[in-house]
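Reading through the structure tokens given below for one structure.
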Amino acid sequence: MSAYTFRSSRPDQWVSPRPTRDPARGRAIHGPLVPMQQPGLLERLFSLR
């Protein structure tokens, strides 16, 4: 086997998307960053936010 790979065309944009260059633009498109773990019921009830 050889380490050489042959590609007949460019990869599709869905396969290799470009990252957003401006953080403000990404925030406007996708919204603010949110934590993956949401607070529990008791934490939401008794939080001082």
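The values are calculated or read from the model by the stated rules, or taken from the named source; none is laboratory data. Note that the coordinates shown come from a computational prediction; the quantities given were computed from them, not determined experimentally. Cβ atoms come from the backbone with ideal geometry, glycine included; neighbour counts cover every protein chain shown. SASA here: full protein model, heavy atoms, side chains in, ligands and nucleic acids out. Shrake-Rupley method; radii C 1.70, N 1.55, O 1.52, S 1.80 Å.
Just to confirm, what accessible area per residue do you get for the chain at 1.4 Å probe, in whole Å²? Each step should come with its number before you reach the end.
Numbers: 5870 Å² over 49 residues.
Per-residue value: 120 Å².
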What are the ³J(HN,Hα) values, in whole Hz, obtained from phi via the Karplus relation 6.51 cos²θ - 1.76 cosθ + 1.60 with θ = phi - 60°, for each residue of the stretch 36-47 in sequence order, with x given for Gly and Pro? 6, 9, 7, x, x, 4, 5, 5, 5, 6, 9, 6
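Could you give the dipole magnitude of the chain about its Cα centre, charging the beta-carbon of Lys and Arg +1 and that of Asp and Glu -1, in debye to the nearest 20?
Values: 8 positive and 3 negative charges, 37 e Å.
The calculation lands at about 180 debye.
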Just one of [x] 15.9; [y] 15.2; [z] 10.9 is Kirkwood radius over Cα pairs in Å calculated from these coordinates, so which is it? [x]
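For the chain, with all protein chains present and a 1.4 Å probe, just round the carbon and sulfur fraction of the accessible area to a whole percent. Could you put the intermediate results ahead of the total?
Details: 3460 of 5870 Å².
About 59 percent, which is the carbon plus sulfur part of the accessible surface.
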Computed helical MRE - 222 nm, the chain, DSSP H runs ≥ 4 contributing -39500 (n - 2.57), nearest 500: -7000 deg cm²/dmol
